[in-house]
Amino acid sequence: MTGSSSKIPYLPRRIAGLERLALNLWWRWNRSARLFLRYDIDPVLWTAVRHNPVAMLRQIEPGQLAELAKDPAFLAKYDAVMEEFDRALTSEDTWFRRSYPEMADRTIAYFCAEFGLHSSIPIYSGGLGVLAGDHCKAASDLGVPLVGVGLMYHQGYFDQKLNLEGWQEGSGEAFDPVDKPIEHVVGPDGKLALATLRTGGRDIHIGAWRLNVGRLHLILLDTRLEENHPEDRELTYRLYGGGREHRLKQEWVLGVGGVRVLRTLGIDPTAWHANEGHAAFMMVERLRELVDGGESFEDAMAEVRARSVFTTHTPVPAGHDMFAPELVDAVCGSYFDSTGIDRATFSQLGHHPTIDHGRFHMTAAGIRLSTHVNGVSAKHGAVTRDLWTPMWPGRDASAVPIRSVTNGVHVGSWMAHSYMELLDRHFGPDWGRHDEDGFWEQVLDLDDAAVWEIHIDLKKQLLDFCREQARSRWKELWKEAAHLVGAGTLLGPKPLTIGFARRFATYKRAHLLFLDEERLQRLLTDPHRPVQILFAGKAHPADDQAKAVLQRVWSATRDVRFEGRIAFVEDYELHLAHRLVQGVDLWLNVPRVPMEASGTSGMKAGLNCVPQLSSLDGWWAEGFDGTNGWALPLAEGADDEVDRHDHESLFRILEREVVPLYYDRDDRNVPTGYVKRMKNALRVAASRYTTRRMVQEYARDFYVPALAGAREMDDPPTDATIAPPSGDVIPITPSVSSGD
Ligand SMILES: *Cc1c(COP(=O)(O)O)cnc(C)c1O
């Protein structure tokens, strides 16, 4: 793959490696590299460019760089970081190679519609994207040979702004790739267009950007090319923007286009992972390649299935992507007409087992075309088996071949530096690579006062950050200083601080806190043991119900009864998420069971010694052990009955357990009982809920069998027969851009 350019024109030769370093997100989770970029070049500029080293190096005075290139102390640090960087990228001594030497030179393609890697590259909307980003980082650490495939959204998701009535308004401007760590990929012929798709009577040309994530590359597909019709260029403007047809076209570009672009680039994956249904067309395209190449349909199906891994993240039937037949005809029609996959076969692949509505169901297709299927927590695995039992008629749900791999988070990205340093002092520098049982028990020996001191420091940093955000927003565009109440200017460091940050989807139940406002007021304004709540989160741009809940929260921030103890911080994205999970005292999560497939923010909090209070859903159903936080006892009944019950449990736990424990201090002013929960939160999160453990499980249970092409595990759905396609088979060359 070619495509290197010089983004940073004035770099002296002696420190030319800074460009390579800045163009690889590895710096974000390597501590030496991060501290070096942050403090040793231009700390003021670093903050101004929002922690983006490419922008920093482009904007810095050339003279300043020339000075640094002559400074022996700087050069010593530079050399040390570059050496570590090269070692990390090229070492042969990786977990994957040690465990599976015969597989280490193969490639696994990892497709996802969003990736959350750094706030400078806003191509994610929430949990799914952050998980995919953390997956890639851990794969790099472990030496798992992935290549990521996603879409380049020029306008990202949206930046959240609340208007003067607290109503969410999205704004989105195209970000400028030039000061971002991404580069155009050029094909073997020197052109930007790497592959072609025919849809809606036009050819869509697909280009790509490369993003380096440690040892891995991410290929971000792009239709914003001159060759394309203006409408088609917009396909890769906005994440989850536009209507159904737009969405289908995006998924068509991701799946079919993604396979073709990899072919052009000479990347030849042996196993393929679709993370969520959006990417399922990737499997259809591989099926087409085999059928058009002359394989029998049965063999092609068996081959695609054996090599495919499919992860579903959605526990509710309505949450899955599906497309009406007219749309499928409009977008995918020329595919049926010109390839070995005809219309009937195609629609059978996406047929839903119980609702025969003729729509193409992306999750059904993912399951039909993969041997290795999983949900994202033990509980979600069970829910998913139930949901899809009809695909295996006559079977018990427990015998449905869908497993689970519980999500995790990337320690190097989410744990605060100061805790890492504490662990260094306690365990030595290798604590991040310990996989043996029992290792993390030892964190219970950490000194309570040392843990508490770090925590209080992080809490102050969070509150400073909120005030600073408020100040700059006020300066930018707010007319009335009164609005700053809502942005957290009144928060102080003493009260017990609860964090509630997540998408404002109705099932996440932010409204639960407000069911009894007098009780909430008593909780927050107790003169001796006050409590404050920090909210953050976006509502889906099309979800007015969720926007109304958000507005309710907003009005509470300005309600004098709560005395400024409720705040809302705008624009929940990666950087704010880091601050929040590191700086609050309690992480609150109250989804309606069983709507949360896994949840990951509570894991991030746990890695920072922040205990969680949550419904027993998703990962908490397996992760809560009585020592590491609190759980709402399961309730049954109609939605509003469950809400009332959970509201009562929530306030009972806060009033009788959390608040007293938090304010029970020893003579050093350390709440030792609370700190014990904090240390247990770390123990549980660090021992099980990391992407290190998660990617090891994917590798062992799914990737390695898929790389081997093992067919013994195959246990395909039996609810429908997929007739081999009729009609003439048109052979294709194995490369791209012909064929449809
Ligand atoms: C971790 C994260 C999420 C997902 O958190 P949940 O617990 O699944 O709600 C969403 N958005 C951002 C920015 C995150 O960092």
VAL560 vs. criteria crowded, with 19+ Cβ neighbours inside 10 Å and either within 14 Å of the ligand (Cβ to nearest atom) or not hydroxyl-bearing (Ser, Thr, Tyr) (or both): no
The lone condition THR314 fails out of (1) touching a Lys or Arg at 6+ places or on another chain (Cβ under 8 Å); (2) touching a residue at least 40 places away in the same chain (Cβ under 8 Å) is (1)
Conditions (1) in contact (Cβ under 8 Å) with a residue 40 or more places away in the chain; (2) over 19 Å from LEU512 (Cβ atoms): number failed by LEU654: (2)
Which residues, counting only those in segment 327-357, are in contact (Cβ under 8 Å) with a residue 12 or more places away in the chain, in a helix (DSSP H, G or I) and among the hydrophobic types (A, V, I, L, M, F, W, C)? LEU327, VAL328, ALA330, VAL331, CYS332, ALA344, PHE346, LEU349
Please enumerate the residues belonging to segment 366-386 that are touching a strand residue (DSSP E or B) at 6+ places or on another chain (Cβ under 9 Å), assigned to a helix (DSSP H, G or I) and more than 12 Å from PRO716 (Cα to Cα). ALA378, LYS379, HIS380, GLY381, ALA382, VAL383, THR384, ARG385
Pick from segment 487-526, criterion in a strand (DSSP E or B) and aliphatic (A, V, I, L, M), ranking: farthest from PHE465 (Cα to Cα): LEU496
Reported set for segment 594-617 where residues are more than 10 Å from the ligand (Cβ to nearest atom) and either at pLDDT 95 or above or in the same structural domain as GLU114 (by TED's automatic domain parsing) (or both) is GLY606, LEU607, ASN608, CYS609, VAL610, PRO611, LEU613, SER615, LEU616, ASP617
Please work out which residue is nearest to SER125 (Cα to Cα), limiting yourself to segment 495-511 and to residues that are at pLDDT 95 or above and more than 12 Å from the ligand (Cβ to nearest atom). ILE498
Of LEU490, LEU524, LEU515, the only residue that is more than 16 Å from the ligand (Cβ to nearest atom), within 19 Å of GLY166 (Cα to Cα) and surrounded by fewer than 23 Cβ atoms within 10 Å (Cβ to Cβ) is LEU490
May I ask you to verify whether PHE115 is among the aromatic types (Phe, Trp, Tyr), more than 16 Å from the ligand (Cβ to nearest atom) and within 30 Å of GLU251 (Cα to Cα)? no
Find the helices (runs of 4 or more DSSP H) located wholly in segment 36-86 whose residues include 3 or more that are closer than 16 Å to ARG13 by Cβ, and list them. 62-68
Conditions (1) among the basic types (Lys, Arg); (2) surrounded by 24 or more Cβ atoms within 10 Å (Cβ to Cβ); (3) not assigned by TED's automatic domain parsing to the domain that holds VAL253 -> LYS70 fails only (2)
Candidate set: segment 566-593, residues that are within 11 Å of the ligand (Cβ to nearest atom) and of a type in the set (Phe, Trp, Tyr); chosen: the one farthest from LEU128 (Cα to Cα): TRP587
Within segment 153-263, considering only strands (runs of 3 or more DSSP E) that don't extend past its boundaries, which have at least 1 residues that are basic (Lys, Arg) and more than 18 Å from VAL328 (Cα to Cα)? 159-162, 202-213
Total residues in segment 405-421, condition within 16 Å of the ligand (Cβ to nearest atom) and not β-branched (Val, Ile, Thr): 8
Over 25 Å from ARG238 (Cβ atoms) and either acidic (Asp, Glu) or at pLDDT below 85 (or both), is that true of ALA487? yes
What are the pairs, 6+ residues apart or on separate chains, where a residue within segment 566-585 that is under 9 Å from ALA501 (Cα atoms) and among the aromatic types (Phe, Trp, Tyr) has its Cβ under 9 Å from a residue that is within 12 Å of the ligand (Cβ to nearest atom) and in a helix (DSSP H, G or I)? TYR572/LEU580
Using the structure shown, decide if GLY126 is within 16 Å of the ligand (Cβ to nearest atom), over 30 Å from PRO43 (Cβ atoms) and either assigned by TED's automatic domain parsing to the domain that holds LEU37 or not polar (S, T, N, Q) (or both). yes
Please verify whether segment 294-311 includes one or more residues that are crowded, with 20+ Cβ neighbours inside 10 Å, of a type outside the set (Ser, Thr, Tyr) and at pLDDT below 95. no
I'm checking my understanding of the structure. Among residues of segment 169-203 that are β-branched (Val, Ile, Thr) and more than 28 Å from the chain's Cα centre (by Cα), which one is modelled with the highest pLDDT? THR196
Does VAL729 count as modelled with pLDDT under 90, touching a strand residue (DSSP E or B) at 6+ places or on another chain (Cβ under 8 Å) and surrounded by 13 or more Cβ atoms within 10 Å (Cβ to Cβ)? no
Which count do you get for residues in segment 527-562 that are in contact (Cβ under 8 Å) with a residue 60 or more places away in the chain and not in a helix (DSSP H, G or I)? 9
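The values are calculated or read from the model by the stated rules, or taken from the named source; none is laboratory data. Not measured: the values here are computed from a predicted model. FYI the Cβ positions are ideal-geometry reconstructions off the backbone, even for glycines, and counts take in every protein chain you see.
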